[in-house]
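The values are calculated or read from the model by the stated rules, or taken from the named source; none is laboratory data. What you see is a predicted model; the values in this text were computed from it and never measured. Please note: Cβ atoms are built from the backbone with ideal geometry, for glycine as well, and neighbour counts cover all protein chains shown. Accessible surface is based on the protein model in full, side chains and every heavy atom, while ligands, DNA and RNA are left aside. Shrake-Rupley method; radii C 1.70, N 1.55, O 1.52, S 1.80 Å.
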Amino acid sequence: MGEKVHTGSVVSILYKGGAKGEEALDDRSAGEPLRVMIGDMKLPRGIEEALIGMEVGQEKQLDIPPELGYGEYQEALAQWYPKQMIDQGYSLKVGDVMFHANPDDGTKQPAFVTDMTADNVKIDLNHPFAGKTLDYWIKLVDIH
């Protein structure tokens, strides 16, 4: 039996997935694997939990509920703002991605333009996969 992944392991993985029933938008199934530490919360919790106990070369197909993925969709994170209050507000289009500074720690997080009127724009801070079940394939390439 080989070494198994545990919390604190640094691993390299290949993966492909996205929201269940939709095109797999998150694809790192070929090329350079992603190197990540298990437990540092850089991956959705459902993927980290699935990696625990895996051995190099092992693959898994995962169905990850929202609470173990990107969380439930929160209506409060999608708000309307006057275009005049937003930098370049009048040049924004639905589908644009902006970056918003988190007021708690200053980190930048993506914000998505999801709707607009002549004078207002709806900005959504939810992750695009929030509220969705995820469908992922993962392969453990290495444990470092």
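Taken over segment 8-39, the residue count meeting the criterion of being open to solvent by 60 Å² or more (accessible area, probe 1.4 Å), closer than 18 Å to Val141 by Cβ and within 14 Å of the chain's Cα centre (by Cα) is 3.
Taking the listed residues Lys108, Lys93, the one that is at pLDDT 95 or above and basic (Lys, Arg) is Lys93, with no other qualifying.
Are any residues in segment 95-113 of a type in the set (A, V, I, L, M, F, W, C) and closer than 18 Å to Ala130 by Cα, and if so, which ones? Before you say what the answer is, go through the steps one by one.
Here is the first cut: in segment 95-113, the residues of a type in the set (A, V, I, L, M, F, W, C) are 97-99, 101, 111-113.
Correct list: Val97, Met98, Phe99, Ala111, Phe112, Val113.
For segment 4-17, check the following and say yes or no: at least one residue is outside any strand (DSSP E or B) and in contact with an Asp or Glu (Cβ under 7 Å, 6 or more places away or on another chain). It would help to see each step written out before you state the result.
Filtering segment 4-17 for residues outside any strand (DSSP E or B) gives 5-9.
Then drop every residue that is not in contact with an Asp or Glu (Cβ under 7 Å, 6 or more places away or on another chain), which leaves none.
No, that holds for no residue.
All told, Ile86 meets the bar of being free of Cβ contacts under 8 Å to residues at least 60 places away in the same chain, among the β-branched types (Val, Ile, Thr) and either within 30 Å of Thr117 (Cβ to Cβ) or touching an Asp or Glu at 6+ places or on another chain (Cβ under 8 Å) (or both). A count restricted to segment 43-83 and to residues that are part of a loop (DSSP other than H, G, I, E, B) and either surrounded by 12 or more Cβ atoms within 10 Å (Cβ to Cβ) or of a type in the set (Phe, Trp, Tyr) (or both) stands at 13. Within segment 86-113, if we keep just the residues that are open to solvent by 60 Å² or more (accessible area, probe 1.4 Å) and in a strand (DSSP E or B), the residue that is farthest from Leu14 (Cα to Cα) turns out to be His100. Does Glu3 meet the test of being in contact with a strand residue (DSSP E or B) (Cβ under 9 Å, 6 or more places away or on another chain), of a type outside the set (S, T, N, Q) and more than 24 Å from Thr133 (Cβ to Cβ)? When the stated conditions are applied, Glu3 passes them.
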